[in-house]
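In what follows, a structure is listed as structure tokens, so that the remarks can point back to it.
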Amino acid sequence: MYDLIIKNAKLINDSVTDIAINHGKIVEIGKDITAPSERVLDLKSQHYISAGWIDSHTHCFARSPIYHDEPDLIGVKAGVTTVVDAGSVGALDIDEFYDLAMQAKAHVYSFLNISKIGLIRQNELADMQDVDAALFDKSLAKYPHFIIGIKVRMSRSVVGDNGVLPLIKAKEMQKKTGLPLMIHVGNNPPELDEIADLLTKGDIITHCFNGKPNQIFDKQNNLRDSIKRAIERGVILDIGHGGESFSFAVAERAKCLDVYPNTISSDIYSKNRLQGPVFSLANVMSKFICLGYSKTRIIDSVTKNAAQILHLKNKGEIAIGYDADLTIFDVRKQTVLFTDSEGDVRECHEQFVPLASIINNIIEIIQEGSENELRISN
Ligand SMILES: [Zn+2]
């Protein structure tokens with residue numbers, strides 16, 4: 001007896017399948033699974049399903065005074081089954097954040113800020129005294145399954161007069177564990193070229209399509225050589241939309257040059273969720289429909305690419321033995337206006353609309369009204 005069978009689920013390539021779940025794992029995939037099951041959810045070939053969406057860049061430590069949110073509001077209530085907090089927290093607050101994170105329905109992970117104070121104030125790396133490598137290592141050792149990466153924010157407003165010093169320190173701190181390092185780029189100095197040249201395979205540049213002067217294109221609108229070289233070395237590009245860090249113009253130019261982000265993430269926190277321009281991961285993903293990306297590419301960038309880059313084993317794919325984290329969604333045909341972080345607007349005729357998140361055998365309904373449509377039979 002299975003715990004749950006999802007019947008007639010449409011995959012992003014428009015093929016239709018059944019998926020059986022037992023003890024939170026995917027145990028069978030195929031046409032017409034007939035085994036008995038406690039619950040059956042029939043999507044009637046009308047709704048899409050994918051591996052649960054993973055948002056690689058969020059802020060969900062409730063006590064951060066500047067960037068904070070509730071893990072479940074940006075998580076299961078938004079079709080996101082895995083929420084990665086990108087450096088809201090440093091070693092001083094990791095215990096409290098861990099306790100909060102464990103209460104969430106979504107899987108929550110931390111990229112630990114190299115500054116022990118985390119995002120308690122905007123310039124957490126202006127004083128190098130706040131980078132305490134011993135304390136940092138202690139936190140990593142205490143939470144090896146919760147802290148899955150390292151965060152360093154490299155913009156003028158954060159590092160003050162310290163230039164690339166915090167990044168050099170972060171690269172040193174990364175060596176012991178080999179965890180992925182996420183680098184926020186923004187206002188200069190430090191210069192993007194100098195930052196990019198310090199990065200190695202698997203490091204993640206977030207805010208990769210920001211429209212600030214320190215963006216990936218130079219003044220002649222050519223891709224910087226430093227970024228070209230970084231991509232060739234295997235450095236990862238992550239969107240990290242946020243309130244200030246996504247430009248349609250940069251994204252369009254990048255697409256013309258076949259430069260694509262590996263992961264699409266929101267950089268969501270309560271303010272940009274409620275007032276925009278982020279609103280949700282689905283909203284950010286929909287902007288890439290507008291840019292002409294294939295839906296498969298968009299879904300991959302919040303599922304299997306993200307799982308691979310974040311080293312999340314057993315996530316990101318609908319495959320036997322994988323975690324049964326799943327997102328049910330529609331691609332709704334309707335005209336929507338999307339705004340980037342620069343205030344530029346684009347018109348789009350389709351959007352991703354999450355209907356339900358499945359995680360740990362729980363089906364979390366998102367869209368009001370879809371309870372009836374997504375009726376579960378026992
Ligand atoms: Zn952020």
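Evaluate Rg over Rh across segment 29-165, taking Cα atoms for both radii and Kirkwood's formula for Rh.
My calculation of the ratio gives 1.14.
Of the DSSP beta bridges with both residues in the chain, give the percent that are antiparallel, rounding to the nearest 5. All intermediate terms of the calculation are to be shown ahead of the outcome.
Details: 35 of 67 bridges.
About 50 percent, rounded to the nearest 5.
For the chain, report the translational diffusion coefficient in µm²/s to the nearest whole number, using Stokes-Einstein at 37 °C, 0.692 mPa s, and a Kirkwood Rh over Cα pairs.
Rounded, D is 157 µm²/s.
Select from Gly75, Ala230, Thr303 the residue farthest towards the positive end of the dipole of the chain; place +1 on Cβ of Lys and Arg, -1 on Cβ of Asp and Glu, and compute about the Cα centre.
Working it through, the farthest residue towards the positive pole turns out to be Ala230.
What is the distance in Å between the Cα centroid of segment 91-118 and that of segment 199-241?
A separation of 27 Å, based on Cα centres.
Need the list of lysines near Lys212 for cross-linking: C-alpha distance under 27 angstrom, and skip anything on the same chain fewer than eight residues off.
Excluding near neighbours in sequence, the set is Lys151, Lys169, Lys171, Lys201, Lys228, Lys255, Lys271, Lys287.
Positive end of the dipole of the chain, charges at C-beta (+1 Lys, Arg; -1 Asp, Glu), about the Cα centre: which of Ile120, Met102, Ala249 has its Cα farthest in that direction?
After comparing all options, I get Ala249.
What nm distance separates the two modelled labels at Leu165 and Glu70, each placed 7 Å from Cα along Cα→Cβ?
With each label placed 7 Å out from Cα toward Cβ, I get 4.2 nm.
Cross-link partners among lysines for Lys25, C-alpha distance below 17 Å, same-chain residues fewer than 8 apart left out?
Lys7, Lys105, Lys304, Lys313, Lys315
Within 10 Å of each candidate Cβ there may be at most 12 other Cβ atoms; applying that plus a DSSP loop requirement, which trypsin sites (Lys or Arg not before Pro) in segment 303-378 survive?
Hits after loop and neighbour filter: Lys313, Arg375.
Bear in mind that the values in this text are calculations on the coordinates, not laboratory data. Values in this document were obtained by computation on a predicted structure and should not be read as measured data. Cβ coordinates were reconstructed from backbone atoms using ideal geometry, including for glycine residues, and neighbour counts include every protein chain displayed.
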